[in-house]
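Report on the structure given below.
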Amino acid sequence: MTGTNGTGHTKVRVVIPCRNERDHIALCLRSLIAVDRTGSKVEVWVCDGMSDDGTREIVTTISATHPWIKLVDNPARTTPHAMNLGLRPEGYDVGIILGAHAEVEEDFLRENLALLEDHPEAGCVGGVIENVFQDARSRRIGAAMGHPFGVGSAHFRTGRKAGEVDTVAFGAYRRAVFEQVGYFDERLVRNQDDEFNYRVVKAGWKIRLSPRIRSRYYVRASIRKLFRQYKQYGYWKVYVNRLHKSITTWRQLVPAFFVLFLVVGALLAAVHPVFLLGYASGLVLYGAAALFSAFQATERLGDVPETVIAFVVLHVAYGLGYLQGMWELLLLGREPKASAHRLTR
């Protein structure tokens, strides 16, 4: 797509929310240095939440030889604040959000801009994330997060669809989108990208996904962290629903119904054998589906048991968080409690 600066170059700003990423930020930036920037003028803003592990020094060293890479202070230390610090100032045609744990392919920029050029109705485009696993446990958790049984229609994870979608990761947005829709909601600890993309679609723009747009993401995971992370996702999804007075996607209700089935079903099963039969049948069906999906998702037989566990954790954690959010945020009308603002990773 042609830029607005009269040079024929598209001005692109890559915004990287970052805090204490010394093990990954150099790899991320070097992948951007290596990217094909033909026909574009690129700047990278690393919006750093006052890192104290050496991250800032790494960025400063790299920017000394690549002045189009810039370190920006983010004293608020939250992801949506970092996004907005990078996107609010003018001076770009396309803004791209990228994770500090990510690396992009050489044609990443070219493919994003080509897709925006081919689809003027699209306000945002994105691609498929390839997970890079740092140990066996993260490989098994990543398998669960990359299968539809685990995450539903999160196509940027599963890679099973190209075309129009409701959200993407590492999106490339036209500047006009922010001028029309606004910016990321700084009240949201989680789901800020999903909430923003909901507003994008509601405003009449399309979001498109292409498997030709490729990036890698280094997965760091544990069962405990996975539980806390997805419990937050469920909790904050309710807050998004409250903001918009709408269910953004009906599939978000499925984990909550699953948790209700587990709890209510167990209580009823203790009352009458008929309920026990139904409850046991439901558990068997779920277990069979989880086991079948784990065999599909993994390449190693030894990974199947922990992948099944990861499926259960994904569903139960999200469902519990959603039910907690319904109780506190909808029924009691409270604001999110302080502990819900502590970001888990």
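Conditions (1) closer than 25 Å to Phe178 by Cβ; (2) in a strand (DSSP E or B), marked per residue:
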site	(1), (2)
Arg13	yes, yes
Ile16	yes, yes
Glu43	yes, yes
Asp53	no, no
Ala82	yes, no
Glu90	yes, no
Leu109	yes, no
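Residue count for segment 295-315 satisfying the condition of being of a type in the set (Gly, Ala, Ser) and out of contact with any Ser or Thr (no Cβ under 8 Å at 6 or more places or on another chain): 2. A residue that is within 23 Å of Phe196 (Cβ to Cβ), assigned by TED's automatic domain parsing to the domain that holds Val125 and touching a residue at least 12 places away in the same chain (Cβ under 8 Å) can be found somewhere in segment 28-35. There is at least one residue in segment 58-80 that is in a helix (DSSP H, G or I), more than 30 Å from Ala294 (Cα to Cα) and under 18 Å from the mean Cα position of the chain (by Cα).
Taken as a whole, the condition of being without any contact (Cβ under 8 Å) to a residue 24 or more places away in the chain and part of a helix (DSSP H, G or I) does not apply to Ala144.
Listed here are the residues, each with its yes/no results for (1) touching a residue at least 40 places away in the same chain (Cβ under 8 Å); (2) closer than 26 Å to Asp194 by Cβ; (3) exposed (fewer than 12 other Cβ atoms within 10 Å of the Cβ).
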| site | (1), (2), (3) |
| --- | --- |
| Tyr235 | yes, yes, no |
| Pro255 | yes, yes, no |
| Phe261 | no, yes, no |
| Thr298 | yes, no, no |
| Gly302 | no, no, yes |
| Ile309 | yes, yes, no |
| Leu331 | no, yes, yes |
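Residues being touching a residue at least 24 places away in the same chain (Cβ under 8 Å) and either basic (Lys, Arg) or more than 30 Å from Glu195 (Cβ to Cβ) (or both) are entirely absent from segment 42-51. Among the residues of segment 101-108, is any closer than 26 Å to Ala34 by Cβ, buried (at least 19 other Cβ atoms within 10 Å of the Cβ) and among the charged types (D, E, K, R)? Scanning segment 101-108 turns up at least one residue that is closer than 26 Å to Ala34 by Cβ, buried (at least 19 other Cβ atoms within 10 Å of the Cβ) and among the charged types (D, E, K, R).
Of all the listed residues (Arg199, Arg214, Arg187), the sole one being outside any helix (DSSP H, G or I) and at pLDDT 90 or above is Arg214.
The values are calculated or read from the model by the stated rules, or taken from the named source; none is laboratory data. As the structure is a prediction and not an experimental result, all values here were calculated from the model. Reconstructed Cβ throughout: ideal geometry from the backbone, glycine too, with neighbour counts over all protein chains shown.
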